[in-house]
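Novice: Shown below is the structure under consideration.
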Amino acid sequence: MYSSSLIEETVVRLLKEAECSLPPDVHAALRQALEAETEEMPRSQLMAILSNVDKADERSVPMCQDTGLPIFFVRGRCDHRVIESIRKGVARATKEIPLRPNTVDPVSRTNFGSNLGEGMPPVHLEPADQDHLDIAVLPKGAGSENWSALRMLNPSEGMEGVRRFVIDCVVRAGSRPCPPIVVGVGIGGTADMACSLAKKALLRKLGSRSDDATLADLESKLHVQINSLGLGPMGLGGSTTCLGVLVEKAHCHTASLPVAVSLNCWAARKAFARVYPDGRVKFSQEGFD
Amino acid sequence: MNIRKIKSPLDESEARSLRAGDIVTLSGELLTARDEAHLRVLELLRAGHELPFQLEGAAVYHCGPIMRHDGMWKVVAAGPTTSARLDRLAPELIRRCRPRLLIGKGGMSSETLEAMKEVGCAYLAFPGGAAVLAAEALPEVLNVHWEDLGMPEAVWHLRAENFGPLVVAMDSHGRSLFKEVEDTVKKRSVLL
């Protein structure tokens, strides 16, 4: 029902917006961080970051050379054809924007130059009975992705164990994921589901609170505690280490408590498109609604 | 903020004059090198071969840029990559090749710092992700080596013009700002 060329076109524009323009919630959080920092060192880092963001936006070029792996989340009445159109869109965007060809064979390390490969780009399909098709993209750089972590906690460790694990992940990652970071947390499900939830959490708007009261409290507590660490912008010290903590959950086995952490760099790129059956497309960098 | 201007290539005494906490801008030449380039440099040198470029006195930039070829190569986006990934290879490369500056983000290990101290080399941190700001300060592509490694992993020989802000984050006297912040962070995290 959706023409493949429309999906392809939508994907190219989604990537262009995500790579070249920082989402408004992330931009606002960085500006707020600059106001909050008093020392010269963190201020110098944030000023360079904000000036870089403006230049990328003005010139429509990617804000970071690590344009990441584009991770897609699709919801609606869809099948394998949408994946084919996404692949075409990614190959085109790689040439046209241009994106850095990041996708390689994990064994030979051969780079085929198109950002396509076995299983690449990742597309999460969620079938849903709705007339429109929702497509979100989360381009994820390796600097932050390399610090992803999963732990299968003992259920008796509870939310305190979850909190400790998230703090430890942020400390271990240190300066390397390009702080100030966004922290995505997935609790529950199976091991693989926890990882997906952590990633999906990164699509949420900064400042939004979980619908679950316990998780909302965990989000604000972690946000304050992570910022009390003093790691600061780019790990050179300061009061802004994270821009937000976003937690998602799924039910799990009675003997398990999986928790996964997905960190995003300050260039927390995301873009959303709602495709209507009549061919209209609504683009946003804040969410679908 | 007092920003010092430095030029590359540079000699040992110039590199040793840089102190942790200084903020500088760099003009002159630099060579990009990531994981694959480090591996190839060491492979060639261990086998007794010559390199197609000069690393002694050079500024080595941990960067995999986005380049565009419109008749000639242009830098589109060129922020730093995570330097810590190169910790496995950097100490040997520093001792064998004697570069005077490493430029990257996030800092490097105490083993790398030790080699820098021995040889006289400083580590400059550029804000991660600030790729357009960096590209603006890299107006000319002088050469490219090892294109077979792919765009991000090839060695790009670039000319820099007032490239910065670069924070001297690790100096040749054994001081590392990253290490100092990391120690504080670890202490504080235990109390949370």
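Novice: Can you tell me which condition A:Pro106 does not meet? The list is (1) outside the structural domain of A:Gln225 (by TED's automatic domain parsing); (2) closer than 30 Å to A:Gly238 by Cβ, and all the others hold.
Specialist: Condition not satisfied by A:Pro106: (2).
Novice: Which of the numbered conditions does B:Pro139 fail, given that it passes all the others? Conditions: (1) in contact with a strand residue (DSSP E or B) (Cβ under 9 Å, 6 or more places away or on another chain); (2) crowded, with 24+ Cβ neighbours inside 10 Å.
Specialist: Among (1) in contact with a strand residue (DSSP E or B) (Cβ under 9 Å, 6 or more places away or on another chain); (2) crowded, with 24+ Cβ neighbours inside 10 Å, the lone unmet condition for B:Pro139 is (2).
Novice: Any chance the range A:62-77 includes a residue that's surrounded by fewer than 21 Cβ atoms within 10 Å (Cβ to Cβ), modelled with pLDDT under 95, more than 8 Å from chain B (Cβ to nearest Cβ) and over 21 Å from the mean Cα position of the chain (by Cα)?
Specialist: Yes, some residue in the range A:62-77 is surrounded by fewer than 21 Cβ atoms within 10 Å (Cβ to Cβ), modelled with pLDDT under 95, more than 8 Å from chain B (Cβ to nearest Cβ) and over 21 Å from the mean Cα position of the chain (by Cα).
Novice: If I filter the range B:112-132 for residues that are within 11 Å of another protein chain (Cβ to nearest Cβ), part of a helix (DSSP H, G or I) and not charged (D, E, K, R), do I get at least one hit?
Specialist: Filtering the range B:112-132 for residues within 11 Å of another protein chain (Cβ to nearest Cβ) gives B:125-132.
With part of a helix (DSSP H, G or I) added as a condition, the list becomes B:131-132.
Filter once more, so that each one left must be not charged (D, E, K, R): B:131-132.
Looking through the range B:112-132, at least one residue is within 11 Å of another protein chain (Cβ to nearest Cβ), part of a helix (DSSP H, G or I) and not charged (D, E, K, R).
Novice: Restricting the first residue to the range A:76-94 and requiring it to be more than 14 Å from A:Pro122 (Cα to Cα), which pairs with a second residue that is surrounded by fewer than 16 Cβ atoms within 10 Å (Cβ to Cβ) and polar (S, T, N, Q) meet a Cβ separation below 8 Å and a spacing of at least six or different chains?
Specialist: Listed pairs, sorted by first residue: A:Gly76/A:Gln130; A:Arg77/A:Gln130; A:Arg81/A:Ser4.
Novice: Among the listed residues A:Met159, A:Met152, identify the single one that is assigned by TED's automatic domain parsing to the domain that holds A:Leu229, part of a helix (DSSP H, G or I) and in contact (Cβ under 8 Å) with a residue 40 or more places away in the chain.
Specialist: Details: A:Met152 fails: part of a helix (DSSP H, G or I).
When all the criteria are applied, what remains is A:Met159.
Novice: Moving on. Pick from the range A:178-194 the residues that are within 30 Å of A:Leu46 (Cβ to Cβ) and of a type in the set (A, V, I, L, M, F, W, C): which of them is surrounded by the most Cβ atoms within 10 Å (Cβ to Cβ)?
Specialist: First pass over the range A:178-194, keeping only residues within 30 Å of A:Leu46 (Cβ to Cβ): A:178-186.
Subsequent filtering for residues that are of a type in the set (A, V, I, L, M, F, W, C) retains A:178, A:181-183, A:185.
Working: A:Cys178: 32, A:Ile181: 25, A:Val182: 27, A:Val183: 28, A:Val185: 29.
Here the residue is A:Cys178.
Novice: Next question, about the same structure. Given the conditions (1) outside the structural domain of A:Arg280 (by TED's automatic domain parsing); (2) part of a helix (DSSP H, G or I); (3) surrounded by fewer than 22 Cβ atoms within 10 Å (Cβ to Cβ), report the number of the one that A:Thr38 does not fulfil.
Specialist: Going through the list (1) outside the structural domain of A:Arg280 (by TED's automatic domain parsing); (2) part of a helix (DSSP H, G or I); (3) surrounded by fewer than 22 Cβ atoms within 10 Å (Cβ to Cβ), A:Thr38 breaks only (2).
Novice: Follow-up. For the range A:150-200, which residues satisfy the criterion of being of a type in the set (A, V, I, L, M) and farther than 20 Å from A:Thr240 by Cα?
Specialist: Of the range A:150-200, the ones of a type in the set (A, V, I, L, M) are A:150, A:152-153, A:159, A:162, A:166-167, A:170-171, A:173, A:181-183, A:185, A:187, A:191, A:193-194, A:197-198.
Answer for the range A:150-200, where residues must be of a type in the set (A, V, I, L, M) and farther than 20 Å from A:Thr240 by Cα: A:Leu150, A:Met152, A:Leu153, A:Met159, A:Val162, A:Ile187, A:Ala191, A:Met193, A:Ala194, A:Leu197, A:Ala198.
Novice: Out of the residues in the range B:165-192 that are under 30 Å from A:Arg164 (Cα atoms) and among the β-branched types (Val, Ile, Thr), which is farthest from the other protein chains (Cβ to nearest Cβ)? I'd like the intermediate steps shown before the answer.
Specialist: Taking the range B:165-192 first, the residues under 30 Å from A:Arg164 (Cα atoms) are B:169, B:176-192.
Those left that are additionally among the β-branched types (Val, Ile, Thr): B:181, B:184-185, B:190.
Working: B:Val181: 5, B:Thr184: 5, B:Val185: 5, B:Val190: 9 Å.
Among them, the one singled out is B:Val190.
Novice: Still on this structure, I have one more. Inside the range B:7-33, can you point out the residues that are among the basic types (Lys, Arg) and either farther than 15 Å from B:Leu102 by Cβ or under 13 Å from the mean Cα position of the chain (by Cα) (or both)?
Specialist: Our first condition is that a residue be among the basic types (Lys, Arg); within the range B:7-33, this holds for B:7, B:16, B:19.
Hits for the range B:7-33 are B:Lys7, B:Arg19.
Novice: Here's something else I'd like to know. Considering every residue within the range A:116-138, establish whether at least one is assigned to a helix (DSSP H, G or I) and surrounded by fewer than 19 Cβ atoms within 10 Å (Cβ to Cβ). Before you say what the answer is, go through the steps one by one.
Specialist: Pass one, the range A:116-138, residues assigned to a helix (DSSP H, G or I): none.
Taking every residue of the range A:116-138 in turn, none turns out to be assigned to a helix (DSSP H, G or I) and surrounded by fewer than 19 Cβ atoms within 10 Å (Cβ to Cβ).
Novice: So, one more: Need the failing condition index for B:Gly48 against (1) within 16 Å of B:Ala90 (Cβ to Cβ); (2) surrounded by fewer than 17 Cβ atoms within 10 Å (Cβ to Cβ); (3) not basic (Lys, Arg), just the number.
Specialist: So B:Gly48 meets the others, but not (1).
Novice: Please state which one of B:Arg95, B:Arg100 is under 18 Å from B:Val41 (Cβ atoms) and surrounded by fewer than 24 Cβ atoms within 10 Å (Cβ to Cβ). Steps first, please.
Specialist: On the way: B:Arg100 fails: surrounded by fewer than 24 Cβ atoms within 10 Å (Cβ to Cβ).
Only one candidate passes the filter, namely B:Arg95.
Novice: A follow-up question, please. Just the residues that are more than 14 Å from chain B (Cβ to nearest Cβ) and acidic (Asp, Glu), please, taken from the range A:78-97. Spell out how you get there, then give the answer.
Specialist: Going through the range A:78-97, the residues more than 14 Å from chain B (Cβ to nearest Cβ) turn out to be A:78-92.
Result: A:Asp79, A:Glu84.
Novice: Please indicate, with yes or no, whether at least one residue in the range B:166-180 is surrounded by fewer than 20 Cβ atoms within 10 Å (Cβ to Cβ), more than 26 Å from B:Leu18 (Cα to Cα) and touching a Ser or Thr at 6+ places or on another chain (Cβ under 9 Å). Give the steps one after another, and end with the answer.
Specialist: Restricting attention to the range B:166-180, the residues satisfying the condition of being surrounded by fewer than 20 Cβ atoms within 10 Å (Cβ to Cβ) are B:173-175, B:179-180.
Retained after the next criterion (residues that are more than 26 Å from B:Leu18 (Cα to Cα)): none.
There is no residue in the range B:166-180 that is surrounded by fewer than 20 Cβ atoms within 10 Å (Cβ to Cβ), more than 26 Å from B:Leu18 (Cα to Cα) and touching a Ser or Thr at 6+ places or on another chain (Cβ under 9 Å).
Novice: Check off (1) assigned by TED's automatic domain parsing to the domain that holds A:Val259; (2) outside any loop (DSSP other than H, G, I, E, B) for A:Ala93 and give me the number that stays unchecked.
Specialist: Just one mismatch for A:Ala93, condition (1).
Novice: Quick one: is A:Arg100 crowded, with 19+ Cβ neighbours inside 10 Å, within 14 Å of another protein chain (Cβ to nearest Cβ) and either more than 28 Å from B:Asp35 (Cβ to Cβ) or without any contact (Cβ under 8 Å) to a residue 40 or more places away in the chain (or both)?
Specialist: Numbers: crowded, with 19+ Cβ neighbours inside 10 Å: yes; within 14 Å of another protein chain (Cβ to nearest Cβ): yes; either more than 28 Å from B:Asp35 (Cβ to Cβ) or without any contact (Cβ under 8 Å) to a residue 40 or more places away in the chain (or both): yes.
Answer is yes for this residue.
Novice: Which strands (runs of 3 or more DSSP E) sit wholly inside the range B:1-105 and have at least 2 residues that are aromatic (Phe, Trp, Tyr) and within 12 Å of chain A (Cβ to nearest Cβ)?
Specialist: Answer list for the range B:1-105: none.
Novice: Follow-up. When you scan the range A:125-177, how many residues do you find that are of a type in the set (Ser, Thr, Tyr), within 13 Å of chain B (Cβ to nearest Cβ) and touching a strand residue (DSSP E or B) at 6+ places or on another chain (Cβ under 7 Å)?
Specialist: Residues that pass the stated criteria total 1.
The values are calculated or read from the model by the stated rules, or taken from the named source; none is laboratory data. Predicted model only: the values in this text are computed from it and were never measured. Cβ atoms come from the backbone with ideal geometry, glycine included; neighbour counts cover every protein chain shown.
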